[in-house]
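Read the structure below first, then the notes.
The values are calculated or read from the model by the stated rules, or taken from the named source; none is laboratory data. Keep in mind the model is a prediction, meaning the values are calculated, not measured. Here the Cβ positions follow ideal geometry from the backbone for every residue, glycine too, while neighbour counts run over all protein chains shown.
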Amino acid sequence: MSMKLYAVALAAVLPCLAAMPEVDKGKTLGSPSAPITIEVFSDFTCPHCKLLHDQTVPLLMKDYVVQGKVYLVSRDFPLNGPGHQYSREAFSYADAAARIGKYQAVADALYANQAAWAINGKVWDTVAAALSPADQKRVQTLAKDPGVAAEIQRELEEGTAAGVNSTPTLIVSAGIRRYPLPAPISYTFLRSLLDGLLK
């Protein structure tokens, strides 16, 4: 089955979901007027999310986001259980950093050092290394804002309502349709789907 046919078949079988909820502009890349939006529901403690961040996102940026074809939105989906006990703390710092325009720097640092802080719990040390002293103070203050915890919980609930049950999950939106794509996602497949939707 060709990718275009697959995209058409996918559109036929998937229900039309609600429009994308409001997002924190500090956690986005590209133009909101791009024809396709990709929401990336991920967890900073998830090794598969790190792979997506390190390998797929740079390709998406080069091929689609910079070209104005895709609007990339990072969404919180904190996991529970062993290995994920520092997940919400990481999100609280990242979301606080988003409020001062430093989300990408903090996200990059969290993924780059995932193997250490996700085990030893030194989340702040990793985050602080990506920020200036002035920004460190602002992020520490903002991370205590109840609005940050509410944002994390809201995005988790929005993801669950949209059918997300593992990380990473990409939700590709084109027009009024939203297509959930759970991992593993090959870039070849994703590129074919996006190209089909752009035609």
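Tallying residues that are in contact (Cβ under 8 Å) with a residue 12 or more places away in the chain and in a helix (DSSP H, G or I) within the range 120-135 yields 6. When the residues of the range 166-199 are filtered to those that are within 14 Å of the chain's Cα centre (by Cα), in a loop (DSSP other than H, G, I, E, B) and of a type outside the set (A, V, I, L, M, F, W, C), the one that is nearest to Val65 (Cα to Cα) is Pro168. The set of residues in the range 142-180 being surrounded by fewer than 16 Cβ atoms within 10 Å (Cβ to Cβ), among the hydrophobic types (A, V, I, L, M, F, W, C) and modelled with pLDDT under 95 consists of Ala161, Ile176.
Among the conditions (1) within 26 Å of Leu51 (Cα to Cα); (2) part of a helix (DSSP H, G or I), the only one that Gly147 does not satisfy is (1). Apart from one condition, Gln114 fits all of (1) over 24 Å from Lys25 (Cα atoms); (2) more than 18 Å from the chain's Cα centre (by Cα); (3) surrounded by 18 or more Cβ atoms within 10 Å (Cβ to Cβ); the exception is (2). Counting only helices (runs of 4 or more DSSP H) that sit completely within the range 20-107, those holding 3 or more residues that are under 20 Å from Ile152 (Cβ atoms) and either without any contact (Cβ under 8 Å) to a residue 40 or more places away in the chain or out of contact with any strand residue (DSSP E or B) (no Cβ under 9 Å at 6 or more places or on another chain) (or both) correspond to 87-98.
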